[in-house]
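Here is the structure we will look at.
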Amino acid sequence: MTNTVPLKSPKRIYIQEVVTRDGFQAESTFIPTEEKIALINRLSRAGYAKIEVSSFTSPKAIPMLADAEAVMKGIYREPGVEYTVLIPNLKGAERALTVGVDEFNLVMSVSETHNQANLKMGREDSFQGLVSVIELAHANKTAVNISLSTSFGCPMSGITSLAEFMSWVDRFANLGVRGITICDTTGMANPAQVQAICEATQAKYPKLQWTLHFHNTRGMGLANALAAVNSGIDRFDSSLGGLGGCPYAPGATGNICTEELVHMFDLMGFDTNMQIDALLECSKDLQTLIGRVLPSQLLMAGKVDRLYEAPCQS
Ligand code: COA
Ligand code: ZN
């Protein structure tokens, strides 16, 4: 874009798309398998580091993603892009192994209440189950990431303390996972809290792959992403068009919007490796696919270099 600020050696930012998982999971009208595959194939050429294809959850809990195997089998896997899936338990991991994935993205909540609502079990039971999943992954040479939901706060039990969050980080770090995603499931984080969590995690575990996963529920999404980058983070989950939300978290709304995140970072001179125009095209077509306007301000306004006709002065 024309007014991009050139940096001497631009910092690389890794963008991870979650629209076909976090974005689709709460949609009420089933999106056909071939539409999911077609969208992922287009996104695969847009420059992402990682794409979360689907989730291997119970089809009763998330009917929209009951076709996870078919989608994984149907997509073209672009070299250089990692294809990950969300996994809540051993059954999900066994399903994922049958189709082959680059990463298991395990999930549990820091909040006991949200873990019960989302996964129908307590945190301790989730953790014990995930220990077996991690063993299975390592035996199959599959990388493991753990997404910790409600890391900043839970809509049912309130603000999550840094100490409580760190206690779960410690437990997973000791099991040899590759990365941890710090998830703001219902947009409760603020930039000061983000800075504190990013500094604490990286200081204690500098070699772990850290990802920040924000929702824009209270309009703080991009501010939080910027606070994370300024605190040394280089990896983000985001969703095309800003679609998304956990169906088992009251008041949940969309993730931070991929095209807005990329647009901001590109303008600031970071190296996102992303094809912003391709993203906007995909986002426009996604609106047609789901039949309603997406919460993407950028899709409405266009990039900053979009010029408008001056009004007539007659
Ligand atoms: N994939 C497919 N089916 C699964 C499954 C999986 N990963 N895990 C469990 N099931 C099936 C069981 O086989 C059983 O089937 P049956 O009724 O035909 O016998 C049924 O689901 C119930 O199994 P159970 O172990 O009792 O699960 P549950 O009802 O306690 O649900 C979870 C637990 C974790 C499987 C379910 O709550 C879930 O998938 N949650 C995901 C929520 C989510 O993705 N939220 C958004 C992302 S944060
Ligand atoms: Zn999310």
Amide H contacts under 5 Å for VAL107, placed H, 5+ residues apart: ILE87, SER147
Amide H contacts under 5 Å for ALA143, placed H, 5+ residues apart: PHE104
Principal axis box of segment 202-269, alpha-carbon based, largest edge first, Å: 33, 30, 17
Full-stretch length increase - VAL293, ALA196 - with 0.36 nm per residue and alpha-carbon distance subtracted: 31.4 nm
Electrostatic dipole magnitude of the chain [Cβ: Lys, Arg +1; Asp, Glu -1; Cα centre; debye, to 20]: 280
Antiparallel bridges, percent of DSSP beta bridges restricted to segment 14-301 (to nearest 5): 10
Cα gyration tensor category, rounded, prolate or oblate, for segment 14-301 with a/c compared to 1.5: rounded
Inter-label distance, nm, simple model (7 Å from Cα along the C-beta direction), ASP305/ASN41: 3.0
Segment 254-267 - phi-based ³J(HN,Hα) in whole Hz, Karplus 6.51/-1.76/1.60, Gly and Pro as x: x, 5, 4, 8, 4, 5, 6, 5, 5, 4, 4, 5, 4, 4
Added length on full extension, which subtracts the Cα-Cα distance from 0.36 nm per residue, GLN313 to THR29: 97.5 nm
Tilt relative to the chain, helix 276-290 - C-alpha long axis, 0 to 90 degrees, to 10: 70
Paramagnetic reach from LYS207 in segment 173-192 [backbone N under 20 Å; point 7 Å along Cα→Cβ]: 173-181
Sparse-neighbour loop sites [chymotrypsin sites (Phe, Trp or Tyr not before Pro); segment 13-43; at most 15 other C-beta within 10 Å; DSSP]: PHE30
Residue-by-residue Karplus 3J(HN,Hα) for segment 207-212, coefficients 6.51, -1.76, 1.60, Hz, glycine and proline x: 8, 6, 7, 9, 10, 10
Packing-based exposure ordering (other Cβ within 10 Å, fewest first) of HIS215, HIS138, HIS263: HIS138, HIS263, HIS215
Two-site FRET efficiency, ALA70 against ASN273, from Cβ-Cβ distance with R₀ of 30 Å, rounded to 0.05: 0.55
Spin-label model distance (nm) - GLN128 vs SER161, 7 Å beyond Cα toward Cβ: 2.5
Rel. contact order, % - alpha carbon contacts under 8 angstrom, at least six apart, segment 14-301: 19
17 Å cut-off, amide nitrogen to a point 7 angstrom out along LEU97 Cα→Cβ, residues in segment 119-133: 129-133
Helical contribution to [θ] at 222 nm, DSSP H n ≥ 4, -39,500 (n - 2.57), averaged over the chain, rounded to 500: -11500 deg cm²/dmol
Amide H contacts under 5 Å for GLN209, placed H, 5+ residues apart: GLY179, ILE180
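Throughout, read-outs are computed from the coordinates displayed, never taken from laboratory work. Because the structure is a prediction, the values reported are computed rather than measured. Here Cβ is always computed from backbone atoms with ideal geometry, including for glycine, and neighbour counts include all displayed protein chains.
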